[in-house]
Amino acid sequence: MTENKNPNSQIDTQIDAPVISLDHLRVEFETDGGTVVAVNDISFKVFPGETVCLVGESGSGKSVTSLSLMRLVEFGGGQITGGKMLLSRDKKQTVNLSQVDAGTMRSIRGNEIGMIFQEPMTSLNPVFSIERQLTDGLRLHTNLSASETREKALELLKEVRIPDPEKRLRQYPHELSGGMRQRVVIAMAMACRPRLLIADEPTTALDVTIQAEILSLINRLKRETGMAVLFITHDMAVVAQMADRVVVMYQGNLIEEGSVDDIFTSPKEDYTKALLAAVPQLGQMAGTSLPSPLNIPGVAVAVKPVREVIDTEKKTLLEVKNLVTHFPVYGGIFRQKVANVHAVENVSFTINRGETMALVGESGCGKSSCGRSILRLVEPTSGDIFLDGKNIISLNGRELRSARRDMQMVFQDPYASLNPYMRLREQIAEPLKNFGLATRSEVDDIVRDILEKVELPVSFLRRFPHELSGGQRQRVAIARAIVVNPSLVITDEAVSALDVSVQAQVLNLMMSLQDELGLSYLFISHDMAVVERVSHKVGVMYLGRLVEVGSRSQIFENPQHEYTRTLMAAVPIADPKKRNISNDMNFKPIPSPVFPVGHIPENPIYEEIEDGHLILRN
Amino acid sequence: MAVTLFLISIITFTVTNILPGDVAMMIMGTQSNPAALANLRESLGLNDPLIYQYGRWIFGMLTGDWGNSLLFKQPIGPILLQKMTASALIVLLSMTIALTLAIPLGVWSAVYKNRWQDTAGSSVSILGVSLPDFFWGIMLILLFARALGWFPSSGFVHPNEDFLLALKHAFLPSLALGLGLMAHLTRMTRATMTGILSQEFIRVARAKGLAEKTVIWQYGLANAIGPVMTVAGLQMGYLFGSIIVMESLFNYTGMGWLTYQALLNRDMPLIQATVFVIAAVVMLVNLLVDLLYPIFDPRIELK
Amino acid sequence: MSIFKKFLNFKGIIGITLVLCVILIAVLAPLIIPPEFATRMDMRARLSPPNMAHWMGTDQLGRDLFYRVMLGARTSINIATSAVLMSLVIGLPLGLISGYFGGRTDNVLMRLVDTLLSFPALLLALTISAVLGPNLQNTIIAIGIAFTPYLARLIRGEALRVAQMPYVEAARSSGATNSRLIIGHVLPNIMPVVIVQSTISLAFAILAEAGLSFLGLGTQPPEASWGLMIQASRDYLDRAPWTALVPGTAVALTVLGLNMFGDVLRDVLDPRSQS
């Protein structure tokens, strides 16, 4: 019998037996470079009615563990070479899943154990209807007739709170949004009332409000059916919100296990401590006004907050005025313009020297398009952009190219932002050559210098991108951006694809570069907790508009606009004592900013409630 | 579509008009009186500006008058129709043979990727792709026609006269073509299936407890049909080129044979007609595949 | 070194071996074998099956097939290589510009290319050959032009994909000009596809030459090419099948080798094709 100190979870303490019990599990893969042990001697239990979060970074083996439970890991070339996985079934039987035959395993999958995966966009078969995909599992595991399964499918859709369930049955996956698809996937997994639900990063690819809805849905289903949940994630904030108990994994090994309170307040192992330290926690910065590096134990980082913004004459670096960017949508036989995507709608803000301004919002809000419009990587439809007094909009080809010297960009995907066929030395040196900023001999010195600044060894210069890790590639991308000494660096979700600990290091690097070189950043991100850590100013975007803008402390401590408040409410807090995701949450679906040709939106009206804190009122 | 047809006609007309050889001489023979030749040229309108000739040709086609073949000394229209039917039989038969063999083989290779089944499958398909069509044709003639005597090695019978006999005559050429086609389609199917099998929804299907056979042959294959059909449509173009050689080898008097005779003998009106028709048919087949695509993939809307 | 390991599988070894053999023969044979060996006729030994005197038998004019096949290699390889080179010279810039710049240029160019694709390649080649008059050079031109649309379309697709990659955008925002972007960034990244496709096109070019010559619209006698040899054997299939099988097998082995080599090349150069 487990004793649970967390009053928020509800374990049915009358049932003793764990639903699933892993005992010294070992999983190996054969690769070109030899045998790789993906999971090494893992043991833990999951009891009915509780949520166990399996947490770790990439390569930790958490996904492999869950796939092994379902015996799906063999399809990817893995082999269970040791240990037992005991599933307790009805009538007090237990069966060892690592030894069970294929037929029995098939009858367990989708029946006694359900699983949901990470990518809602590809989890559903694009050419089958929703009804078919919901019912084929039912028809397999139950004796229901055709009409009965259809009834059940409708029930399932209602249970996961999908609006308009009759219509959805007839539809195809591409007609549903990401959040709705994930609900369908959950409905499929719940169809036969499984005793264990395995969720493998189910919300990683979702927007923050949709994530909150899905997390609360899983909680509700768990409460209503008493099933056990094995929740796999790399996001410590989600762990804090969902878990009753936590299992920490690193490179295939089990590092630490305990109740969620114990893990968060008194972690025993170094790795757990480092992991927790690297996670920015929403609300931690309350009371301060400047960005502050993350405190990573074991890494020698000067833990001083970023210095105060320089107060000079030319304080304003970037001034964006009434920026509008529309993308045409073509259709019809003659490919005429049938609609416009109003990606950026009348956005205005300023960034000062040495300051970081964050643009936050969910997918489709226009923050990325805004960043690219400023660099004119896409052409804005109208508006003005003043960089250091010069209007970028009115520059022609050659002038634009030289103006770009002063503002550079770091992209999201570390794998696609470096040319796979070019050595790193050339890629970092290229901006210098393009702008003619240095002679042959000087280039070498400058490049070496920059590489030191981003804390990479000089030997990397000879390498190709595929020889580096994601975090290292982002450092190279940053090096390439700052080599020409720009005043402004636009980072478009630059750390979103990195592991938590790597993310912390890169963020600290960015802040120290800001300190050292006086850089300004336009930090585009969807991660509120990270934004809270690194920004001076924050702008919240929704449907292409800037709905609220102000200093970081104004926005985070005193959000005024309805959408900002919604966003704040949906962000999981990395503290199990502050659970904000528990009730059935439902947010407005994110609309798309597509309007018919000729649609003229209203001019935005802002109200300034404090110094510099503006809220959209229409 | 109309634009493409228009462009096709222009290209055909331009290319064929560079042909050396005097049309008048072809009709009347090389020993004819120069004055008579000049008169004929005048009456055939060969001295008019090219634009006029082009206009006449297009107008003729639209009104059903395709001119007369110099070689056969008959109106082209009916000849085209007859030969088209003959080739249609071969083309359809070979495509059917190819698809029936290629799809299962391709799926099988994809499922057993990088194991011996895959190597076996890809060896067979590489072999098929590498041997020239007419080589297959020769081999098949030697084996089935000469040695075994099961099928005739030449000649053509119209399906309306005797369907079974027509099939017999069409079988060997179709098989030869089909084997080469099958090889390419197998590789396409395999490539498409490996892409599909690595997608998440396949894992989700397994996680529901579905049998592996269902997962691959229903969930997986349903997604592969679309791309494979598109490639098959594109291969139609290749097929219409191959029948030129194959029909000559088998003395099968279809479109391919007709085109070849026209080219060999510099029969300009016939060349123009056959080249245009072949290109137009290929274009129409691809258009058809495009139009039918939404049946295979509900994501694509008909525009 | 691990790159070379990928070549060491069944397909790779056979492919490379075949290709190397054929290249060696094409280059060395004309230097070693005196040309009369392939053209001298021995009417008493006509249509004789493979024996000690004539390793692969003789054709209807008593010519030794072994030497003819060896010398024919050069002609066929020469034609195929020249044709593919020609289609590259036209198709690569076309595809690059179309894919990189997109927009109106792309629309117009691809409309033209698609129209040309409606003409079966063999038909195009035959027509061009007939129009220009069949001989060695015109065969090269005919096949070269016929293969260009497919290559152009393929390259355009790749160029389009690469032009949208973040590293191209990053280079553009660091001040690179269009020509630098195309040559320094796009071109190296489409090379894998170009190389693989060229290898496969070589195979098809050999097949095309064989087909053209078979129909009499390719190489003409006295040139010796494999296609011509197959054509000459048509009337003697019953009595002397080896007259067709010898050149046919030569074509088959060459094309097989090239296809296998191209396949393995694709696995090595383009990791995306591995799922």
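We did not get these values from a lab; they are worked out from the coordinates using the rules stated. Since the model is a prediction, treat every value here as computed from it, not as a measurement. For neighbour counting, all protein chains shown are included, and Cβ atoms are generated from backbone atoms with ideal geometry for every residue, glycine included.
Can you quote the Å³ per residue value for the convex hull of the Cα atoms in the stretch A:23-83, rounded to an integer?
For the stretch A:23-83, the hull spanned by Cα atoms encloses 83 Å³ per residue.
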**Sites residue B:65 and residue B:165, calculated FRET efficiency, Cβ-Cβ separation with R0 25 Å, nearest 0.05** = 0.15
**Asked** Taking the Cβ-Cβ separation of residue C:236 and residue B:114 as r and a Förster radius of 56 Å, what is the calculated FRET efficiency to the nearest 0.05?
**Response** 0.80
**Prompt:** Counting every Cα pair in the stretch C:161-270, what percent are over 20 Å apart?
**Reply:** 59 percent
**Request:** Post the alpha-carbon centroid distance, the stretch A:350-413 to the stretch A:418-475, in whole angstrom.
**Result:** 24 Å
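Return A:563, A:542 ranked ascending by Cβ neighbour count within 10 Å, so the fewest neighbours appear first.
Exposure proxy ranking, most exposed first: A:563, A:542.
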**Fill in**
Rounded to the nearest whole number, the per residue volume of the convex hull around the C-alpha atoms of the stretch C:121-225 in Å³ is 102 Å³
**Request:** Would you mind pulling out the separation of the Cα centroids of the stretch A:540-614 and the stretch A:241-277, in Å?
**Result:** 32 Å
**Fill in**
Over the stretch B:68-196, the quotient of the Cα radius of gyration and 2.2 N^0.38 Å is 1.29
**Message:** Please report Rg (one decimal) and Dmax (integer) in Å for the Cα set of chain A.
**Reply:** 26.0, 80
**Footprinting exposure proxy for C:261, A:386 (fewest neighbouring C-beta atoms within 10 Å first)** = A:386, C:261
**Complete:** Relative contact order of the stretch B:159-239 (C-alpha contacts under 8 Å, at least 6 apart) in percent is 33 percent
**Prompt:** Which semi-axis lengths, in whole Å and largest first, follow from the square roots of five times the eigenvalues of the Cα gyration tensor of the stretch A:324-378?
**Reply:** 29, 11, 8
**Prompt:** Near residue B:102, within a Cβ-to-Cβ distance under 10 Å, what is the net charge of the other residues, with Lys and Arg +1 and Asp and Glu -1?
**Reply:** +2
**Request:** Considering Cα pairs under 8 angstrom that are at least six residues apart, work out the relative contact order of chain A and quote it in whole percent.
**Result:** 16 percent
**Request:** Treat the count of other C-beta atoms within 10 Å as a stand-in for reagent exposure and order C:185, A:141, B:158, A:466 from fewest to most.
**Result:** A:466, B:158, A:141, C:185
**Asked** What net charge do the residues around residue B:146 carry, taking every other residue with its C-beta under 13 Å from that of residue B:146, with Lys and Arg at +1 and Asp and Glu at -1?
**Response** 0
**Item:** the stretch A:389-545: mean projected area of Cα convex hull, nm²
**Value:** 10.4 nm²
**Complete:** Any aspartates and glutamates whose Cα falls less than 15 Å from that of residue A:84, other than same-chain ones fewer than 8 residues away, would be A:23, A:28, A:41, A:101
**Request:** Identify, among C:141, C:166, C:110, the residue whose Cα sits farthest towards the positive end of the charge dipole of the stretch C:78-190, taking +1 on the Cβ of Lys and Arg and -1 on the Cβ of Asp and Glu, with the dipole about the Cα centre.
**Result:** C:166
**Complete:** The local net charge around residue A:449, scoring Lys/Arg +1 and Asp/Glu -1 for residues other than residue A:449 whose Cβ lies under 15 Å from its Cβ, equals -1
**Request:** Report, by chain and number, residues whose modeled amide H sits under 5 Å from the one on residue A:228, excluding near sequence neighbours (fewer than 5 apart, same chain).
**Result:** A:49, A:196, A:197
**Item:** Computed Rg/Rh of the stretch B:183-303, alpha carbon atoms with Kirkwood Rh
**Value:** 1.18
**Item:** chain B, Rg to Rh (Cα coordinates; Rh as Kirkwood inverse mean 1/r)
**Value:** 1.08
**Request:** Grab the Cα-Cα distance for residue A:174 and residue A:415, subtract it from 0.36 nm times how many residues apart they are, and report the gain in nm with one decimal.
**Result:** 84.1 nm
**Rg(Cα) / (2.2 N^0.38 Å) computed for the stretch B:141-235, rounded to two decimals** = 1.60
**Complete:** With T = 25 °C, eta = 0.890 mPa s and Kirkwood Rh from C-alpha pairs, the Stokes-Einstein D of the protein assembly as shown in µm²/s is about 71 µm²/s
**Asked** Once fully extended, how much extra length lies between residue A:399 and residue A:96, figured as 0.36 nm per residue of separation less the alpha-carbon to alpha-carbon distance?
**Response** 102.1 nm
**Prompt:** Across the stretch C:252-265, in residue order, what do the Karplus-derived ³J(HN,Hα) couplings come to in whole Hz, using 6.51 cos²θ - 1.76 cosθ + 1.60 with θ = phi - 60° and x for Gly and Pro?
**Reply:** 4, 5, 4, 5, 4, x, 5, 5, 5, 4, x, 4, 5, 4
**Request:** Can you tell me the FRET efficiency between residue B:150 and residue B:127 if r is taken as the Cβ-Cβ distance and R0 is 25 Å, rounded to the nearest 0.05?
**Result:** 0.65
**Asked** Between residue A:29 and residue B:295, what is the spin-label point distance in nm, taking each point 7 Å from the Cα along the Cα→C-beta axis?
**Response** 4.1 nm
**Message:** Given the -39500 (n - 2.57) contribution per DSSP H run of 4+ residues, what per-residue ellipticity at 222 nm results for chain B, rounded to the nearest 500 deg cm²/dmol?
**Reply:** -24000 deg cm²/dmol
**Message:** Just to be sure I follow: if Rg is taken over the C-alpha atoms of the stretch A:344-467 and Rh is the Kirkwood radius over the same atoms, what is Rg/Rh?
**Reply:** 1.00
**Message:** Could you derive backbone 3J(HN,Hα) for the stretch B:107-114 from the dihedral phi with the Karplus parameters 6.51, -1.76 and 1.60 (θ = phi - 60°), listing whole Hz in sequence and x where the residue is Gly or Pro?
**Reply:** 4, 4, 5, 5, 5, 9, 3, 6
**Prompt:** Residue by residue, what Karplus-based ³J(HN,Hα) values in Hz, rounded to whole numbers, does the stretch C:87-100 have, using 6.51, -1.76 and 1.60 with θ = phi - 60° and x for Gly and Pro?
**Reply:** 5, 5, 4, 7, x, 5, x, 4, x, 4, 5, 4, x, 6
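Take the alpha-carbon positions of the stretch A:193-233, form their convex hull, and give its projected area averaged over all directions (one quarter of the hull surface) in nm².
Reported value for the Cα convex hull: 2.7 nm².
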**Request:** Mind computing the radius of gyration and Dmax over the alpha-carbon atoms of the stretch A:349-406? Å is fine for both.
**Result:** 12.2, 35
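Strictly over 26 Å apart at the Cα level, which of A:62/A:268; A:62/B:208; A:367/A:433; B:168/C:11 would you flag in this model?
A:367/A:433; B:168/C:11
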**Message:** For chain C, take every pair of Cα atoms, bin their distances at 5 Å starting from 0, and report each bin as a whole percent.
**Reply:** 1, 6, 11, 14, 15, 14, 12, 9, 7, 5, 3, 2, 1, 0, 0, 0
**Request:** Largest first and to the nearest Å, give the Cα extent of the stretch C:7-166 along each principal axis.
**Result:** 68, 45, 24
**Message:** Kirkwood Rh over alpha-carbon pairs of the stretch B:54-102, then Stokes-Einstein at 25 °C and 0.890 mPa s: what D in µm² s⁻¹, rounded to an integer?
**Reply:** 190 µm²/s
